[in-house]
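See structure below.
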Amino acid sequence: KAVALSPEDVVKKYVQELKPPPADEDCIICMEKLSAPSGYSDSCESQCLQPESVGRLDRCGHTFHLLCVLAMYTSGNKDGSLQCPSCKTIYGEKTGTQPSGKMAVSILPESLPGHEDCGSLEIMYLIHKGIQGPEHPNPGLPFTARGFPRYCYLPDNEKGRKVLALLKLAWRRRLIFTVGTSSTTGESNTVVWNEIHHKTEMNSNLSGHGYPDPNYLDNVLAELAAQGVTEDGLRP
Ligand code: NAD
Ligand code: ZN
Ligand code: ZN
């Protein structure tokens, strides 16, 4: 999706300038006093944002130097969204850096341990190895993709189907996987899960990522919400 806004426009869209700046508070991005210039004054150039300018994020109310918010935004994937570094509130629609691939769903008659009253949903994710883009840790270098296709399971009940709809939205927003270092294998420059837990075992629980787990659906809904993926995004 094309983002027409410049980085400065994105900052101005979500951060309201405060005049004068709060006297005794620090900016948690650069750790300087808000009454002093931004610590990013030398490294982050802007035509329209001054090093002394301070602003407040409009929903959560946290305050930063405008230039610090600009530096944070331009060091990310510049998707038109901002995330408050204090409280993680998301402004706009957060997207990730998941490489291209395929997500497919099958309906299975077998039930999952702990969900004996319904069948199950099997999600298949397929991502191939490739070359890292500008949004990845080492642009131009290859990345590997281990253990694909990966299969994941949900109960085929109302809550499981809601989680599935949100996982599809998270997939479109490139939030399910990222390129980084696997905490399991230590391999770097590889495709890894990205903070949204999946159940990769159907009838066993050898990895700890299986059933039964009575809290799983609520936990994954909270993890999706932390990435800005909620039912609001499902409305037409
Ligand atoms: P990682 O080890 O960096 O961990 C990222 C997150 O994924 C963590 O939250 C972790 O708890 C979770 N996680 C770790 N192992 C998981 C598993 N088996 N199922 C579901 N979630 C898991 O992430 P990663 O490197 O992407 O995956 C971990 C390991 O699982 C890798 O070694 C991967 O190859 C392997 N894996 C293999 C297959 C397969 O079919 N062979 C399928 C899925 C995962
Ligand atoms: Zn600052
Ligand atoms: Zn905040």
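The values are calculated or read from the model by the stated rules, or taken from the named source; none is laboratory data. This one's a predicted model, so the numbers in the text were calculated from it and none came from an experiment. For neighbour counting, all protein chains shown are included, and Cβ atoms are generated from backbone atoms with ideal geometry for every residue, glycine included. Ligands, DNA and RNA are stripped out before the accessible areas are found, and what is left, the full protein with its side chains, is counted by its heavy atoms. Shrake-Rupley method; radii C 1.70, N 1.55, O 1.52, S 1.80 Å.
Of everything in the stretch 177-196 that is more than 8 Å from ligand 1 (Cβ to nearest atom) and among the hydrophobic types (A, V, I, L, M, F, W, C), the residue that is nearest to Arg146 (Cα to Cα) is Val179. Residues that are part of a strand (DSSP E or B), at negative phi and not charged (D, E, K, R) do occur in the stretch 193-206. Applying the criterion of being part of a helix (DSSP H, G or I) and closer than 24 Å to Lys129 by Cα to the residues of the stretch 150-189, the residue that is farthest from ligand 2 (Cβ to nearest atom) is Lys168. When the stretch 119-143 is filtered for residues that are among the polar types (S, T, N, Q), under 21 Å from the mean Cα position of the chain (by Cα) and surrounded by 16 or more Cβ atoms within 10 Å (Cβ to Cβ), only Gln132 remains.
Count of the stretch 119-149 residues, restricted to those that are farther than 30 Å from Leu217 by Cβ and in a strand (DSSP E or B), is 5. Selection over the stretch 81-105 of residues that are within 16 Å of ligand 1 (Cβ to nearest atom) and either touching a residue at least 24 places away in the same chain (Cβ under 8 Å) or of a type in the set (Ser, Thr, Tyr) (or both) gives a count of 7. You will find that of Ser182, Ser207, the residue that is surrounded by 14 or more Cβ atoms within 10 Å (Cβ to Cβ), small (Gly, Ala, Ser) and away from ligand 3 (no atom under 16 Å from the Cβ) is Ser182 and no other.
Those strands (runs of 3 or more DSSP E) of the stretch 1-118 in which at least 3 residues are within 11 Å of ligand 2 (Cβ to nearest atom) and open to solvent by less than 50 Å² (accessible area, probe 1.4 Å), considering only elements entirely within it, cover 63-65.
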